[in-house]
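J.: Quick one: the structure is below, and I'll ask about it shortly.
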Amino acid sequence: MSRVLISLLGMMRLRSGPQDLPAGRNLMLALASAYVAGGFLAGNVMNDPDFAPSALLSIGVQFGFITILLNVRGFQARVQQTIAALSGVGLVFGLLSTWLLSMVDVENPQAGLAAAYFGLFFWSLAVDGHIYRHSLSSKMGTGVLIALIIFTINFVLLRALFS
């Protein structure tokens, strides 16, 4: 388990990639389940009744999009490690985001908290781009572009379905 944590922390520092995780369906399922559970936890903390279905949709779009890309590029063997990597770092970023958002006081402007949240958001995009880069054997710019495309698709879908 320590190897998994070290690999995930390495990915968050842009030092390792999904290929550094142990290959296997069990790890992917465990991390994906934890990622989904983290989404449900965030929904409870934020007291948002639509958070759970929107989190499931977002995760499904992310996993589906990268699975299709990997299959099209002929990298089917990389799907499980990529999903495990996205799940592991997604769980950490989700918990950090939830923690930051739980400190929001709507009556009192908190510029530092807003800056921290946006920093976390951009860091998350960079890490996702880094994972996509490794998974697709592409450049960092391509990985970040894929992360932005997935974010945009999710944003549009969530606004259409939950607004």
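J.: Enter the angle in degrees (range 0 to 90, nearest 10) between the Cα long axis of helix 79-102 and the first principal axis of the Cα atoms of the chain, meaning the one along which they spread out most.
T.: 10 degrees
J.: Let me ask you something else. Could you work out the helix-only [θ] at 222 nm for the chain, with each DSSP H run of four or more residues adding -39,500 (n - 2.57) and the total divided by the number of residues, to the nearest 500 deg cm²/dmol?
T.: -27500 deg cm²/dmol
J.: Next question. Any chance you could run the full-extension gain for Arg13 through Ala114? It's 0.36 nm times the residue separation minus the Cα-Cα distance, nm to one decimal.
T.: The Arg13-Ala114 span can extend by a further 34.2 nm.
J.: Taking all protein chains in place and a 1.4 Å probe, what share, in percent, of the accessible surface of segment 52-115 do carbon and sulfur account for?
T.: That fraction is 68 percent.
J.: Here's another thing I want to ask about it. I'd like the distance between the alpha-carbon centres of segment 142-163 and segment 61-92, rounded to an integer number of Å.
T.: Going from one Cα centre to the other spans 16 Å.
J.: So, one more: Ordered by residue, what ³J(HN,Hα) values in Hz, to whole numbers, does segment 13-27 give under the Karplus form 6.51 cos²θ - 1.76 cosθ + 1.60, where θ = phi - 60° and Gly and Pro are x?
T.: Using θ = phi - 60°, the values come out as 9, 6, 10, 9, x, x, 5, 7, 7, x, 6, x, 5, 4, 5 Hz.
J.: Taking 0.36 nm per residue of separation and subtracting the Cα-Cα distance, what length does fully extending Ala30 through Asn71 add?
T.: Between Ala30 and Asn71, full extension yields an extra 12.5 nm.
J.: Using DSSP to call loops (not H, G, I, E or B), can you name the trypsin sites (Lys or Arg not before Pro) in segment 1-86 whose Cβ has at most 15 other Cβ atoms within 10 angstrom?
T.: Answer by residue number: Arg13, Arg15, Arg73.
J.: May I ask you to give the solvent-accessible area per residue for the chain, in square angstrom, as obtained with a 1.4 angstrom probe?
T.: Ligands and nucleic acids excluded, the result is 55 Å² per residue.
The values are calculated or read from the model by the stated rules, or taken from the named source; none is laboratory data. These figures come from a predicted structure and were not determined experimentally. Backbone-built Cβ (ideal geometry, glycine too); neighbour counts: all protein chains shown. The protein model used for the area step is the full one, side chains on, heavy atoms only, and it has no ligands, DNA or RNA in it. Shrake-Rupley method; radii C 1.70, N 1.55, O 1.52, S 1.80 Å.
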